[in-house]
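Worksheet for the structure shown next.
Where a number appears in this text, it was derived from the coordinates with a stated rule and is not lab data. What you see is a predicted model, and the numbers here were worked out from it, not measured in a lab. Every residue, glycine among them, receives a Cβ derived from its backbone with ideal geometry; neighbour counts consider all protein chains shown.
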Amino acid sequence: MELSDFFYRDGIELELQGETKDEILKELIALLGLDEKSENILYKMLKRRENLGSTGIGRGIAIPHCRSLVVSKLRVAFGRKPQGIDFNAIDNQPVHYFFLIVAPPLEVSNQYLPVLGRLAQFAKEPDTTRRLEEVASPEEFLELFEQQAPR
Amino acid sequence: MNGGMHPQLELLLQIQDLRSQRSELAEGEVARAFEEQEFGIDVDEAIGRLDAKIDEIRAELEPPIRRRLDRMTRGSDRTVVPLINGVCYGCFTALPTAESASVGRQAVNSCGNCGRFLYVAG
C-alpha cells in the first residue's frame, strides 16, 4: 500500500478559500464530490470529531478524519491554505495543510487506520511542511507522494 | 447517495455513524491508542460525549422509528445498511424493484427480510 494510491487530482486543492475551521472542513468535504445531504452528514461527523479534540497535530498540519456511512470506500483529500487558519491545533499554531480521511464503518480493505498512521508519520518528518509549501500543482503533489512519502 | 433523503433517515445515519465511532474507540485498541497518542484525545471522556450525542439525536426520532431502532439495537449494532443495486447489504437479499426504487425518498424504508433501515449508498 502506497499513500499515493489514495490521492487523485480532483481531491487536491492548493488554494483553499475558507477563513474558519468550519469553512475549511466544508471545502475539504466538497472535494469528495458527494451529494448535498451526504456532505451535511459528513460535516456533522467531522465537527463532532473535532469537538472531541482538534486533529491539528502541529507543524501546520491537520488530519480531519472520521468513519461514515455516506462513503462506500476509503476517501482521501488534500487542501492547502497558504495563509493558515486557526484550527485549535495541539501546538496552537496556524494550520496550512489538511489531509481529510473518511472511511465507511465496515471497510473491507481495512486501510483507514494504516493510512491515518502513515500520514501522521509523514506529518512528523522534518521537511514535510517545506515540501508541501513548494508544491505548485496537483500533479506535483501526487509526484511528491510517489517519490517521497513513507513506504 | 440519494439526495432526497428523508429527515428521519438522516438522523438514523448520524446515530449509526456515532455508534461506529464509539465502538471503534471503546473496543479497538489500535484506534484508541492512535487517538490518544497522535491527537491527545481523552478516550473515556470522548466516549461519554458520544453517548450523550447519540441520546440527543435518538430523542429526535419519531417514536415508532425509535422503538424499531431500539429493538434492532438489542440484536445487532448494524441497524442502518446500504441498498446497493437493489440488494440489502445487511442480509444480502434483493428487494423487489418498486420497493428498492422508493428507498430513502418519502419514508424510512426497511428490508422486508432482516428489518434493517435502508439507504441508497453513494
Treating only Lys and Arg (+1) and Asp and Glu (-1) as charged, each at its beta carbon, one finds that the protein assembly as shown has a dipole about its Cα centre, in Debye to the nearest 20, of 1100
So the FRET efficiency between A:Glu107 and A:Arg9, C-beta based with R0 = 25 Å and rounded to 0.05, is 0.60
For A:121-128, A:98-105, B:34-41, A:43-50, ranked highest to lowest by mean beta-carbon neighbours within 10 Å, the order is A:98-105, A:43-50, B:34-41, A:121-128
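Contact order normalised by length for chain A, with contacts defined as Cα pairs under 8 Å and 6 or more residues apart; what percent is it?
Numbers: 252 pairs, mean separation 43.5, N = 151.
With pairs under 8 Å counted, the relative contact order is 29 percent.
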Relative contact order of the stretch B:1-94 (C-alpha contacts under 8 Å, at least 6 apart) in percent is 26
Residue-ordered couplings for the stretch A:88-96, obtained by feeding phi - 60° into the Karplus form 6.51 cos²θ - 1.76 cosθ + 1.60 and rounding to whole Hz (Gly and Pro as x), are 6, 5, 4, 9, 6, 9, x, 9, 10
Rounded to whole angstrom, the alpha-carbon centroid of the stretch A:1-52 lies from that of the stretch B:1-56 at a distance of 18
With -39,500 (n - 2.57) per DSSP H segment of 4 or more residues and division by the full residue count of chain A, the 222 nm estimate, nearest 500 deg cm²/dmol, is -12000 deg cm²/dmol
Taking every residue of B:89-96, the Cβ atoms of other protein chains inside 10 Å of its Cβ average out to 0
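Just how large is the dipole of chain A about the Cα centre, in debye to the nearest 20, putting +1 at every Lys and Arg Cβ and -1 at every Asp and Glu Cβ? Don't jump to the answer; show the numbers that get you there.
On the way: 19 positive and 24 negative charges, 139 e Å.
Using only the charged Cβ atoms, the result is roughly 660 debye.
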Residue-ordered couplings for the stretch B:34-49, obtained by feeding phi - 60° into the Karplus form 6.51 cos²θ - 1.76 cosθ + 1.60 and rounding to whole Hz (Gly and Pro as x), are 4, 5, 5, 7, 7, 10, x, 6, 7, 5, 5, 5, 5, 4, x, 5
per DSSP, antiparallel bridges as share of beta bridges in the protein assembly as shown, % nearest 5, sits at 55
Helix B:63-75: inclination vs chain B longest Cα principal axis, degrees, rounded to 10, gives 70
Under the Karplus relation with 6.51, -1.76 and 1.60 and θ = phi - 60°, whole-Hz ³J(HN,Hα) for the stretch A:26-38, x at Gly and Pro, equal 5, 5, 5, 4, 4, 5, 7, x, 8, 6, 4, 4, 5
